Amino acid sequence: MINPNLARQHNELYKLLAEMKSLGYNIESNADKIALNINLLAGKINIHLQSEDKYLYSLLLNSQHTEVRKIAKDFIAEMGHIAKTFNEFKIKFNTKNKILNNINEFKLEYPKIMNAISNRLNKEDKKLYVLL
């Protein structure tokens, strides 16, 4: 059974990502809200990763089943890449001025990072949490 805290965190992340997606339709007008949400998302992701390390991966990595351990290791490696990419994005675009000063680059990267995080959450829901 999935830890209720992890499920709640996923719901909060999905909600924040949906809000961020809607703000992305008018970046210039919403740059301040987008920057705030980038910082909120970073905090929520950090807390979520800590929770997964404590409650999820420690359990899966100690599984008696080789395949479960392999899946957990693969998810950890993939998340490391996504977390690194998001952190670089956050550093580049965590203020209104940074967004507006690099608007073209932001417009390219914003949907990619939002989709990567959303896809990761979906993948966890469908392929990882079912192992519990």
Query raised in the report: What ³J(HN,Hα) values, in whole Hz, does the Karplus curve 6.51 cos²θ - 1.76 cosθ + 1.60 give for the range 11-18 when θ = phi - 60°, with x put for Gly and Pro?
Result: 4, 5, 5, 4, 5, 5, 4, 5
Report task. Can you bin the chain into rounded, prolate or oblate? Criterion: square roots of the alpha carbon gyration tensor eigenvalues sorted a ≥ b ≥ c, rounded for a/c under 1.5, prolate for a/b above b/c, oblate for the rest. Result -> prolate
Report summary line: Straight-line reach check, residue 92, cutoff 19 Å on alpha carbons, 8 or more apart in-chain or any other chain, hits among lysines -> 21, 33, 44, 84, 107, 112
Query raised in the report: How many nm separate the modelled label positions at residue 59 and residue 77, each set 7 Å beyond the Cα in the direction of the Cβ?
Result: 2.4
Query - Mean separation of Cα contacts under 8 Å, 6 or more apart, over the residue count of the chain: relative contact order % - result: 37
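We did not get these values from a lab; they are worked out from the coordinates using the rules stated. No experiment lies behind these values; they were computed from the predicted model shown. We place every Cβ from the backbone using ideal geometry, glycine too, and count neighbours over all the protein chains shown.
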